[in-house]
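Novice: Have a look at the structure that comes next, please.
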Amino acid sequence: MPSQQTVLLVGGTGRTGRRVLEQLLNRGIDVRAIVRSAEKLRAGVAERPGLSVVEADLLALSDEELQRYVRGCDAVVSCLGHTISLRGVFAPPRDLVTRATTRLCRAIRTSQPARPVKFILMSSVSVNRPGGLDTRRGRFERVILWTLRGLVPPTRDNQRAADFLHDVIEAADPYVQWVAVRPDTLKEAEVTEYALHEGLVDGLFRPGETNVANVAHFMCELATDPEVWAAWRGKLPVIVNASPA
């Protein structure tokens, strides 16, 4: 195992992605960041050692370019998401997360790395685990989510991306392993204690809270800590702030 890790990060200028970027750099990890606009990086970040910035629209890159960027990476972290605005929710690409997930995983497979590459996706508690494993959802909540997936593109997009990972990337895939992280209602706050669960812990109408920095911290742990990765590989962990003592 090489002593120096390299992570490909997409969505590194968003509210979670920028924290992932800075936490990875603080850990001494080399980061290749594909961003649409380098100007959106926080002041001073672009000049930090270990960071290589690629200014491009991920979906516009050719297959060959994507293969070049994933080659040599130990992990790929996707914090891509839809902007919370009328245009961000309903304007194209409505399948941003699904298309990016599909293309990145296929690029990894095509590059045929010597060791499986970790693919870490930021998802949402609106995403259900396949096979009806999220039994905490009542019938009414399931109907609401089914309706949202029909009417609100980001909800449908997040579910399809997770379904792709579960249904297409097999557990014994020699090139790609994955985890889809499901935070609850995001809150702007620094890293605190947090809890991880295989299934849902809060209802749709009584949501929990998850600090954005906690999501970033857990995603970095997945990328860099073999024990954490082994515990959650192939799963959709729910992350929420730890309850006060």
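The values are calculated or read from the model by the stated rules, or taken from the named source; none is laboratory data. Model, not experiment: these values are computed from the prediction. Positions of Cβ are generated from backbone atoms using ideal geometry, with glycine treated the same way; all protein chains shown enter the neighbour counts. Note: accessible area is taken over every heavy atom of the protein model, side chains too, but ligands, DNA and RNA are not part of it. Shrake-Rupley method; radii C 1.70, N 1.55, O 1.52, S 1.80 Å.
Novice: Mind pulling the per residue volume of the convex hull built on the Cα atoms of the stretch 151-198? Å³ is fine.
Specialist: In the stretch 151-198, the Cα convex hull volume per residue is 138 Å³.
Novice: Considering amide H positions built from the backbone, and no H for Pro or chain starts, which residues 5 or more places from residue 189, or on another chain, come under 5 Å of its amide H?
Specialist: 212, 213
Novice: Could I ask something else about it? If packing is taken as the mean number of other Cβ atoms within 10 Å per residue, what is the order of 221-227, 7-13, highest first?
Specialist: Those peptides, ordered most packed to least, come out 7-13, 221-227.
Novice: Expected output is a single nm value to one decimal: the length gained when fully extending between residue 114 and residue 170, i.e. 0.36 nm times separation in residues minus the C-alpha distance. What is it? Mind showing how you got there, number by number?
Specialist: Working: separation 56, 0.36 × 56 = 20.16 nm, distance 1.72 nm.
The span from residue 114 to residue 170 would gain 18.4 nm if fully extended.
Novice: Where only protein heavy atoms count, and the probe is 1.4 Å, what is the accessible area per residue for the stretch 166-245 in Å²? Write out the running numbers ahead of the final one.
Specialist: Details: 3870 Å² over 80 residues.
Counting only protein heavy atoms, the per-residue value for the stretch 166-245 is 48 Å².
Novice: If each of residue 42 and residue 190 carries a label point 7 Å out from its Cα toward its Cβ, how far apart are those two points in nm?
Specialist: 1.1 nm
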